[in-house]
Structures are given as C-alpha cells and as structure tokens.
Amino acid sequence: MNDVRELLRRPVEAAEYDAIRELWKRHSKAEEQRDIAGLLSTLTSDCVYEIVGTEHVWHGHEGATRFYGGLLGAFPDIDFQLTDIVIGPQGVCEEADVTGTHEQDWLEYKSTGEPVEFQVVIFFPWDQDAKLFKGERVHVDLRR
C-alpha cells in the first residue's frame, strides 16, 4: 500500500491531469459500449478490482474480465449517471447513481428480474509509470 504522504506530495501537472482525464473518459466509453478489450486497455496488467467492505477481489486482466462479465451479465442494462468526480495525480474518484435490471445472480445476490438502483463511489488509482489505472476500488451504498 502506498504511503499516503507520498500520494499527497504528487505534483499536479497539466499534462498528467489531461492524460488521467482522457484515460477515464476512454474507460467510461468502453464500459458504456460493453467493450471489454477497450476497458482492459486502460488498466495495468496487475490491476485489482475490489468491492470495499466485502471479500470480493479480482486480480489482473483476467480478473477484470470476470468482474465485468459478471456485472454486465447480471445487469445488462446497467447505467451509471455521474453525480461527482475528482481528478488528480493520484487518480480519479467518481460518484454515480446506478440503475439496472437484475437479470442474473451476481456475487451473493440472487437475480430478481426487478429494477435496482444504488449509489457507488469508485476510486481509479493512477499508475504514474504505466500511465494506466491500477484497477477500481468500488464503494457501494445499497440503502436506496
């Protein structure tokens, strides 16, 4: 784990900010288009996907592929409506309202066939050397 002081000391440089923002846009468009190869192209080969507060963690491109296959299979019409975003030299943090229809089992949640809505906060840590995201840390709020 990174020393948070090191993260705080990262300088904010316009070119890097632009690169992070453009990569996030590319990642988001690939997700909207259900383009797994496009999603993977925005991630380091050793990326980690985690649903914070659970034991659900996926490693590497194979893990990210399984994460997205499960998510998009369970909620084929999933829609993320961005409500807030912060971009900096540490990565991207976004907040979104999520809707979809729960058509297949996902994680420990049995399919209901019903519409769902919830909120997420997702952190995309930035790898300064690779110029890619190191995965996603997903915080889910199911209280809606």
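Any idea what diffusion coefficient the chain gets from Stokes-Einstein, in µm²/s, Kirkwood Rh on alpha carbon pairs, 20 °C, 1.002 mPa s?
Working: Rh = 15.8 Å.
In µm²/s, the coefficient is 136.
Taking Cα pairs under 8 Å and at least six residues apart, what relative contact order does the chain come out at, in percent?
Numbers: 265 pairs, mean separation 33.3, N = 144.
Rounded, it is 23 percent for the chain.
What's the center-to-center distance, using Cα atoms, between region 68-144 and region 1-64 in Å?
First find each Cα centre; the distance between them is then 12 Å.
Roughly how big is the chain's charge dipole about its Cα centre, with Cβ charges of +1 (Lys, Arg) and -1 (Asp, Glu), in debye to the nearest 20?
Details: 15 positive and 28 negative charges, 53 e Å.
I would put it at about 260 debye.
If one takes the longest principal axis of the Cα atoms in the chain, at what angle in degrees, from 0 to 90 and to the nearest 10, does the Cα axis of helix 60-74 lie?
Its long axis makes an angle of about 40 degrees.
Would you work out which of Ala96, Val86, Pro115 lies farthest towards the positive end of the dipole of region 54-144? Charges go on Cβ: Lys and Arg +1, Asp and Glu -1.
Value: Val86.
Report the residue, chosen from Leu23, Leu107, Leu39, that carries the largest GNM mean-square fluctuation when the chain is represented by alpha-carbon nodes joined by springs under 10 Å.
Result: Leu107 has the largest fluctuation of those listed.
Read the figures in this text as sums done on the coordinates, not as results from a lab. The model shown is predicted, which means the values in this text are computed figures rather than measured ones. Cβ: placed from backbone, ideal geometry, glycine included. Neighbour counts: every protein chain shown.
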